[in-house]
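Here the structure is laid out as structure tokens; the discussion comes afterwards.
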Amino acid sequence: MPNRETFAQHLTRQGISRRSFLKFCALTASSLALPAGAAKVIAQTLETTPRPRVVWLSGQECTGCSESLLRSFEPTIESLILSDISLDYHNTLMAPSGTAAERSREEAIAGGGHVLVMDGAIPIGTSEAWSIIGGRSTLDVLQESAANAGLIIAIGNCAAFGGIPGAAPNPTNAHGVDVDLPSIQGVVQLGELSTAAPIVNLPGCPPVPEVISGTIVHFLTIGLPELDNLKRPMVFYGRTVHDSCSRLSAFNSGFFADSFDDEAARQGACLLNLGCKGPVTFNACATTKWNGGTSFPMHSGHGCLGCSEPNFWDAKDSFYTRLF
Ligand code: SF4
Ligand code: F3S
């Protein structure tokens, strides 16, 4: 196999300036809360490390996770990741189709060590046929692609925990990727994935784009990030969204909204009475925010639905029931 070009070489060929590349490294270091000097280490590593092969499989999903990345701005880290790392195989975005597309996947996984991204839940057992890739069940293609991967990332709540496809009554017997998670009520894991690769869960509906790209870059430059007991990177999922919410001072002073459009809500009152699940939801949205750092749900006036937690669709009563 010919030598793969480095990430930096590829960016140069795409016409992306060194200035943008260094800005990307600095942004990544800052979003990963790394110490001073880390941006330089990231830049040096990406300049000398061959581009990773990324195979992105889509199971039972709404394409929201891919859309989340596609809606990023300019040459941000998200678009760089999509355009310059992930093109080996992506069900939705790649140009080839049919056998040519499947050949791309086979070539990408041939040498092993690739990053395997799974997006969407996987139906198993007698329901396997509900999700098909190239005439084979998603489970079959996932198992083949995972066998010699270097890293497996389950993107979105569906791939991590079953998500909406796995919500009660789970008519297609849909499940998340991981085999080693502690048993979570109502979540059954596949139990059939044979791989030595670490599995990282990036749940969300969809996940924050910077969380996806930041995790990949962390793995490439520094190694596997520290994970919590649900295999989520601590750097992004180590705090609740409540901890960094723009309405936290209202919560602390007992200033609560009783309706989404009342005067209190407009003045920044806490949305706990309206069902916000922020106090029990671990994610980076309140710090990283969405749409180029513009906003996040509570900032825009809606409570958190708990989309980065297991069983978020089933587990917490109604989305609009007060948590405690
Ligand atoms: Fe916490 Fe939600 Fe209130 Fe924000 S709106 S302070 S996350 S309970
Ligand atoms: Fe999801 Fe709650 Fe953030 S619903 S997008 S984890 S604020």
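Among the residues that make up the range 306-316, is at least one of them within 10 Å of ligand 2 (Cβ to nearest atom) and of a type in the set (Gly, Ala, Ser)? Steps first, answer last, please.
Narrowing the range 306-316 to residues within 10 Å of ligand 2 (Cβ to nearest atom): 306-309, 312.
Narrowing the set further to residues that are of a type in the set (Gly, Ala, Ser) leaves 306, 308.
There is at least one residue in the range 306-316 that is within 10 Å of ligand 2 (Cβ to nearest atom) and of a type in the set (Gly, Ala, Ser).
Could you run through the range 281-299 and say how many residues are more than 10 Å from ligand 2 (Cβ to nearest atom) and at pLDDT 95 or above?
Count: 0.
Applying the selection to the range 120-140, what residues are assigned to a strand (DSSP E or B) and in contact with a His (Cβ under 9 Å, 6 or more places away or on another chain)? Lay out the reasoning, then the answer.
Of all residues in the range 120-140, those assigned to a strand (DSSP E or B) come to 121-123, 132-133, 136-137.
Listed by number, the residues that qualify are Ala121, Ile122, Pro123.
The rows are residues; the columns are (1) surrounded by fewer than 23 Cβ atoms within 10 Å (Cβ to Cβ); (2) farther than 23 Å from Tyr237 by Cβ; (3) of a type in the set (Asp, Glu).
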position	(1), (2), (3)
Ala95	yes, yes, no
Leu116	no, no, no
Gly135	yes, yes, no
Asn148	yes, yes, no
Ala154	no, no, no
Ala159	no, no, no
Ala167	yes, no, no
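Taking the stated definitions as given, is Leu323 near ligand 1 (Cβ under 10 Å from one of its atoms), open to solvent by 20 Å² or more (accessible area, probe 1.4 Å) and at pLDDT below 95? If you could, list the steps in order and put the result at the bottom.
On the way: near ligand 1 (Cβ under 10 Å from one of its atoms): yes; open to solvent by 20 Å² or more (accessible area, probe 1.4 Å): yes; at pLDDT below 95: yes.
The answer is yes for Leu323.
Determine whether Ser213 is under 11 Å from the mean Cα position of the chain (by Cα), in contact (Cβ under 8 Å) with a residue 12 or more places away in the chain and more than 16 Å from ligand 2 (Cβ to nearest atom). Please lay out each step first, then the result.
Working: under 11 Å from the mean Cα position of the chain (by Cα): yes; in contact (Cβ under 8 Å) with a residue 12 or more places away in the chain: yes; more than 16 Å from ligand 2 (Cβ to nearest atom): yes.
So Ser213 passes the test.
Anything in the range 118-133 that is surrounded by fewer than 19 Cβ atoms within 10 Å (Cβ to Cβ) and either of a type outside the set (A, V, I, L, M, F, W, C) or under 16 Å from Cys205 (Cβ atoms) (or both)? List them, or say none.
Gly125, Thr126, Ser127, Glu128
Tell me the residue from Thr240, Thr215 that is open to solvent by less than 40 Å² (accessible area, probe 1.4 Å), at pLDDT below 90 and out of contact with any Asp or Glu (no Cβ under 9 Å at 6 or more places or on another chain), please. So that I can check it myself, show each step before the final result.
Numbers: Thr240 fails: at pLDDT below 90.
Among Thr240, Thr215, only Thr215 is open to solvent by less than 40 Å² (accessible area, probe 1.4 Å), at pLDDT below 90 and out of contact with any Asp or Glu (no Cβ under 9 Å at 6 or more places or on another chain).
Going through the range 76-92 one residue at a time, which ones are open to solvent by 10 Å² or more (accessible area, probe 1.4 Å) and modelled with pLDDT of 75 or more?
The answer is Asp88, Asn91, Thr92.
Can you spot a residue in the range 178-196 that is modelled with pLDDT of 85 or more and part of a loop (DSSP other than H, G, I, E, B)?
no
Quick one: in the range 303-320, of everything that is farther than 19 Å from Asn201 by Cβ and out of contact with any helix residue (DSSP H, G or I) (no Cβ under 8 Å at 6 or more places or on another chain), which residue is surrounded by the most Cβ atoms within 10 Å (Cβ to Cβ)?
Filtering the range 303-320 down to residues farther than 19 Å from Asn201 by Cβ leaves 303, 317-320.
Keeping just the survivors that are out of contact with any helix residue (DSSP H, G or I) (no Cβ under 8 Å at 6 or more places or on another chain) gives 317-319.
Details: Asp317: 11, Ser318: 7, Phe319: 16.
Checked the range 303-320; the qualifying residue surrounded by the most Cβ atoms within 10 Å (Cβ to Cβ) is Phe319.
Counting only residues that are within 16 Å of ligand 2 (Cβ to nearest atom) and either small (Gly, Ala, Ser) or in a helix (DSSP H, G or I) (or both), how many does the range 237-249 have? Step through it out loud before you land on a result.
Step one: of the range 237-249, the residues within 16 Å of ligand 2 (Cβ to nearest atom) are 237-248.
Adding the requirement that they be either small (Gly, Ala, Ser) or in a helix (DSSP H, G or I) (or both) leaves 237-238, 242-244, 246, 248.
Looking only at that region, the number is 7.
Quick check on the range 262-269. Is at least one of its residues part of a helix (DSSP H, G or I) and either within 10 Å of ligand 2 (Cβ to nearest atom) or aliphatic (A, V, I, L, M) (or both)?
Residues of the range 262-269 part of a helix (DSSP H, G or I): 263-266.
Retained after the next criterion (residues that are either within 10 Å of ligand 2 (Cβ to nearest atom) or aliphatic (A, V, I, L, M) (or both)): 264-265.
So far as the range 262-269 goes, yes, one or more of its residues are part of a helix (DSSP H, G or I) and either within 10 Å of ligand 2 (Cβ to nearest atom) or aliphatic (A, V, I, L, M) (or both).
Can you tell me which residue is least open to solvent (accessible area, probe 1.4 Å) among those in the range 275-295 that are within 22 Å of Tyr320 (Cα to Cα) and in a strand (DSSP E or B)?
Per the stated criteria, the residue is Ser295.
How many of the residues making up the range 27-51 are part of a helix (DSSP H, G or I) and open to solvent by 50 Å² or more (accessible area, probe 1.4 Å)?
Total satisfying the criteria: 7.
Can you pull out every residue in the range 250-261 that is open to solvent by less than 20 Å² (accessible area, probe 1.4 Å) and not in a helix (DSSP H, G or I)? I'd like the intermediate steps shown before the answer.
Within the range 250-261, the first condition is being open to solvent by less than 20 Å² (accessible area, probe 1.4 Å), and the residues that meet it are 250, 257.
Ala257 - this is the single residue of the range 250-261 that is open to solvent by less than 20 Å² (accessible area, probe 1.4 Å) and not in a helix (DSSP H, G or I).
The values are calculated or read from the model by the stated rules, or taken from the named source; none is laboratory data. Owing to the predicted nature of the structure, the values given are computational and were not obtained by experimental measurement. Cβ sites come from the backbone with ideal geometry, for glycine too, and all protein chains shown count toward neighbours. Areas reflect the complete protein model, heavy atoms only, side chains present, ligands, DNA and RNA absent. Shrake-Rupley method; radii C 1.70, N 1.55, O 1.52, S 1.80 Å.
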